[in-house]
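The values are calculated or read from the model by the stated rules, or taken from the named source; none is laboratory data. These figures come from a predicted structure and were not determined experimentally. Don't worry about glycine lacking a Cβ; one is built from the backbone with ideal geometry, like all the others, and counts go over all protein chains shown. Just the protein is used for accessible areas: all its heavy atoms, side chains included, with ligands, DNA and RNA removed. Shrake-Rupley method; radii C 1.70, N 1.55, O 1.52, S 1.80 Å.
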Amino acid sequence: LLEMTDQLPDQFQVNALRTAAELYLQMGETDAAKKVVERGFKLSEKLFKIDDNADDPNNALKAYWPSADAWRTFTRLAGQISPAWALTQVNEISDAEMKVLAQTSLAQGWLDVSRGTTIVMTSRKGNQSMSISRDSPE
């Protein structure tokens, strides 16, 4: 899964890395999960640069940006690995609004609140897309 992740479109990379990290956590492989989540944070930053591109910005509500979804995903996973490390990662997010979204996701994870429905939207010149997913109940 991890070997082919870089060949996937960005949003599919988020899902593949999330799945890999979750599997590592289920197997008790915390160090491997941490490495995957670190890749996820790098991907989140890459997606933010695309979303925030001044030449063709994402005009969707910021909370629905692909980068927001990625940061929420990987912050929540980081919180399962190490609360202190997760907080460090959140503090490295330069955008104040993205930082709040990540903090909220981290708190929800610690409180064992379901992710619920996730909406990811992109709205650029001549290109609109939206995906909706729902976490299934345990």
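Quick one: which residue in V100, V37 is β-branched (V, I, T) and touching a Leu at 6+ places or on another chain (Cβ under 7 Å)?
After applying the criteria, what remains is V37.
Test of understanding: among S129, S123, which residue is outside any helix (DSSP H, G or I), without any contact (Cβ under 8 Å) to a residue 60 or more places away in the chain, closer than 28 Å to Q7 by Cβ and over 15 Å from the mean Cα position of the chain (by Cα)? Give the steps one after another, and end with the answer.
Values: S123 fails: without any contact (Cβ under 8 Å) to a residue 60 or more places away in the chain.
Matching residue, one of S129, S123: S129.
Looking at segment 56-71, which of its residues are part of a loop (DSSP other than H, G, I, E, B) and surrounded by 21 or more Cβ atoms within 10 Å (Cβ to Cβ)? First the steps, then the outcome.
Just the residues of segment 56-71 that are part of a loop (DSSP other than H, G, I, E, B), to begin with: 56-61, 65.
Within segment 56-71, N58, W65 qualify.
Would you call F48 out of contact with any strand residue (DSSP E or B) (no Cβ under 6 Å at 6 or more places or on another chain), closer than 21 Å to L2 by Cβ, at pLDDT 95 or above and not polar (S, T, N, Q)? Please lay out each step first, then the result.
Numbers: out of contact with any strand residue (DSSP E or B) (no Cβ under 6 Å at 6 or more places or on another chain): yes; closer than 21 Å to L2 by Cβ: no; at pLDDT 95 or above: yes; not polar (S, T, N, Q): yes.
No.
Checking N53 against (1) in contact with a strand residue (DSSP E or B) (Cβ under 9 Å, 6 or more places away or on another chain); (2) open to solvent by 40 Å² or more (accessible area, probe 1.4 Å); (3) in a helix (DSSP H, G or I), which single condition isn't satisfied?
The failed condition is (3).
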